[in-house]
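The values are calculated or read from the model by the stated rules, or taken from the named source; none is laboratory data. Note that the structure is predicted; figures quoted are calculated from it, not measured. Positions of Cβ are backbone-derived with ideal geometry, glycine not excepted, and every protein chain shown enters the neighbour counts.
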Amino acid sequence: MHETFKITTSGPGLHEITAEVAAWLRGAGDGLVTLFIRHTSASLLVQENADPDVRRDLVAYFDRLVPPSDTPAMSYLTHTYEGPDDMPAHIKAAVMPVSLSIPVIGGRMVLGTWQGIYVVEHRRRPHSREVAALFSAV
């Protein structure tokens with residue numbers, strides 16, 4: 001069983017897709033769902049979904065870790081023609097996951113109480129992102 005989720009982001013941040021994936025898996029039985037984001041400037045994360053401060057703090061941390069290319073500390077970057085957020089977005093996607101594997105039991109993902117699945121948008125402007133999903137039954 002496979003699906004492609006189309007996610008519209010509103011700019012940088014964590015965009016939760018847990019409900020969409022859970023609805024697709026309903027009744028799927030036992031197995032493993034693999035998710036893969038089909039982009040080089042966005043990532044996937046399993047992260048806390050209770051306190052929005054966690055998402056804000058993560059974005060702030062990664063922005064400090066990899067600032068825009070127009071920041072003097074990033075002057076060594078050469079891939080800058082797509083804007084000051086593009087190469088930093090590629091760097092963030094290189095160090096964060098672009099795929100996830102989550103166990104499924106009885107058609108439900110075995111996520112922790114406060115865990116959610118997120119598309120992490122690293123670019124400044126909104127984008128349309130695709131997440132490929134494959135459910136493999138056991």
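Of the conditions (1) touching a helix residue (DSSP H, G or I) at 6+ places or on another chain (Cβ under 9 Å); (2) at pLDDT 95 or above, residue 77 satisfies every one except a single condition; which number is it? Residue 77 satisfies all of (1) touching a helix residue (DSSP H, G or I) at 6+ places or on another chain (Cβ under 9 Å); (2) at pLDDT 95 or above except (2). If only residues of segment 1-54 that are part of a loop (DSSP other than H, G, I, E, B) and of a type in the set (D, E, K, R) are counted, the one that is nearest to residue 96 (Cα to Cα) is 38. Going through (1) out of contact with any Ser or Thr (no Cβ under 8 Å at 6 or more places or on another chain); (2) not in a helix (DSSP H, G or I) one by one, residue 61 falls short only on (2). Across segment 110-138, the qualifying residues are those that are in a strand (DSSP E or B) and more than 17 Å from the chain's Cα centre (by Cα), and the one among them that is surrounded by the most Cβ atoms within 10 Å (Cβ to Cβ) is 135. Of the candidates 21, 46, 54, 33, the single residue that is under 25 Å from residue 113 (Cβ atoms), hydrophobic (A, V, I, L, M, F, W, C) and free of Cβ contacts under 8 Å to residues at least 12 places away in the same chain is 54.
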